[in-house]
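Structure, as structure tokens:
The values are calculated or read from the model by the stated rules, or taken from the named source; none is laboratory data. Source: prediction; values computed, not measured. Every residue, glycine among them, receives a Cβ derived from its backbone with ideal geometry; neighbour counts consider all protein chains shown. For accessibility, only protein heavy atoms count, side chains too; no ligands or nucleic acids. Shrake-Rupley method; radii C 1.70, N 1.55, O 1.52, S 1.80 Å.
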Amino acid sequence: MVVDDHPMWREGVARDLAEAGHQVVATSGEGRQAVRVAPAARPDVVVLDLQLPDISGVEVIRGLRAALPQVRVLMLSASGEQESVLEAVKAGATGYLVKSAAPAEFLDAVRRTAAGEPVFTPGLAGLVLGEFRRLAAGGGDRSVARPDAAPRLTDRETEVLRLVAKGLSYRQIAERLELSHRTVQNHVQNTLGKLQLHNRVELTRYAIERGLD
């Protein structure tokens, strides 16, 4: 699903996605409309502009996640300001890409977002991880549930979780542990299920709060 208030940009992104083999189930130029349409359209990934005419992209993320907890959101914005990035991630965005990204970089970001990987414009990944560490150290703004009795993870799941918390991609984790890309994905998905989390961003936050980074 593509949400952007500029018709030419919205249509161009939708066309690029379709040509790359993705099914575009809906498009919208307004945030409230996007939140209304999403439950029926049931997108796996939402490409979302941060600045919309009616409500902010951050509000849209919250609405989408309330209606579709498993949805993955890739923010696409002209702004790379730190505050905007952190607000989007705290609200539940899986990734954040500036609109100046090349088409190939954008399509790769969509594929990685669909696979549950956090995707950030170069230079922003470290910012997000740093903020998570700061919040974990200070004990504030815990938007991710943290049960008192943590579910039991296998040694391998814990090993993968530590590398997720360090910001490594699936491919890098696979190379480090000499596993297949698919095996790493399966470990991450199993861990998400056990911890009742929705994406790798939340998983990273959980791991840092547990001191696994």
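Which condition does Asp213 not pass, out of (1) under 18 Å from Phe120 (Cα atoms); (2) modelled with pLDDT under 75; (3) open to solvent by 50 Å² or more (accessible area, probe 1.4 Å), if it passes all the others?
For Asp213, the exception is condition (1).
For (1) of a type in the set (D, E, K, R); (2) open to solvent by 50 Å² or more (accessible area, probe 1.4 Å); (3) touching a Cys at 6+ places or on another chain (Cβ under 6 Å); (4) over 23 Å from Gly167 (Cα atoms), each residue gets a yes or a no:
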position	(1), (2), (3), (4)
Arg62	yes, yes, no, yes
Leu74	no, no, no, no
Glu87	yes, yes, no, no
Thr94	no, no, no, no
Leu97	no, no, no, no
Val110	no, no, no, no
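Within the range 1-35, which residues are charged (D, E, K, R) and in contact with a strand residue (DSSP E or B) (Cβ under 9 Å, 6 or more places away or on another chain)?
The initial filter retains those residues of the range 1-35 that are charged (D, E, K, R), namely 4-5, 10-11, 15-16, 19, 30, 32.
If the condition is that a residue be charged (D, E, K, R) and in contact with a strand residue (DSSP E or B) (Cβ under 9 Å, 6 or more places away or on another chain), then Asp4, Asp5, Arg10, Glu11, Glu30 are the ones that fit.
Looking at the range 184-210 only, could you name the residues that are outside any helix (DSSP H, G or I) and in contact (Cβ under 8 Å) with a residue 60 or more places away in the chain? Quick ask: steps written out before the conclusion?
First, pick out the residues of the range 184-210 that are outside any helix (DSSP H, G or I): 196-199, 210.
Residues satisfying the conditions are His198, Asn199, Arg210.
Does Gln70 fit the bill of being closer than 23 Å to Leu192 by Cβ, open to solvent by 60 Å² or more (accessible area, probe 1.4 Å), not hydrophobic (A, V, I, L, M, F, W, C) and not in a helix (DSSP H, G or I)? Before you say what the answer is, go through the steps one by one.
Working: closer than 23 Å to Leu192 by Cβ: yes; open to solvent by 60 Å² or more (accessible area, probe 1.4 Å): yes; not hydrophobic (A, V, I, L, M, F, W, C): yes; not in a helix (DSSP H, G or I): yes.
Judged against the criteria, Gln70 is a match.
Under the condition of being of a type outside the set (A, V, I, L, M, F, W, C) and at pLDDT below 75, which residue from the range 76-111 is farthest from Glu202 (Cα to Cα)? Please lay out each step first, then the result.
Taking the range 76-111 first, the residues of a type outside the set (A, V, I, L, M, F, W, C) are 77, 79-84, 87, 90, 92, 94-96, 99-100, 103, 105, 108, 111.
Pick out the ones that are also at pLDDT below 75 and you get 79-84.
Working: Ser79: 23, Gly80: 21, Glu81: 21, Gln82: 19, Glu83: 18, Ser84: 18 Å.
This residue is Ser79.
Within the range 48-59, which residues are exposed (fewer than 14 other Cβ atoms within 10 Å of the Cβ) and in contact with a Lys or Arg (Cβ under 9 Å, 6 or more places away or on another chain)?
Asp54 - this is the single residue of the range 48-59 that is exposed (fewer than 14 other Cβ atoms within 10 Å of the Cβ) and in contact with a Lys or Arg (Cβ under 9 Å, 6 or more places away or on another chain).
Among the residues of the range 7-47, which ones are open to solvent by 20 Å² or more (accessible area, probe 1.4 Å), within 25 Å of Ala91 (Cβ to Cβ) and polar (S, T, N, Q)?
Within the range 7-47, Thr27, Gln33 meet the criteria.
Could you please find all residues in the range 155-183 being at pLDDT 85 or above, in a loop (DSSP other than H, G, I, E, B) and of a type in the set (Ser, Thr, Tyr)?
Ser180
Consider Ala114 against the criteria (1) modelled with pLDDT of 85 or more; (2) surrounded by fewer than 21 Cβ atoms within 10 Å (Cβ to Cβ); (3) closer than 27 Å to Arg182 by Cβ; (4) touching a Gly at 6+ places or on another chain (Cβ under 8 Å): it satisfies all of them except one. Which criterion is unmet?
(4)
Output the residues belonging to the range 159-186 that are farther than 22 Å from Met75 by Cβ, open to solvent by 40 Å² or more (accessible area, probe 1.4 Å) and not charged (D, E, K, R).
Taking the range 159-186 as the starting set, the residues that turn out to be farther than 22 Å from Met75 by Cβ are 159-163, 166, 171-186.
Then drop every residue that is not open to solvent by 40 Å² or more (accessible area, probe 1.4 Å), which leaves 159, 162, 166, 171-172, 175-176, 178-183, 186.
Across the range 159-186, the qualifying residues are Gln172, Leu179, Ser180, His181, Thr183, Asn186.
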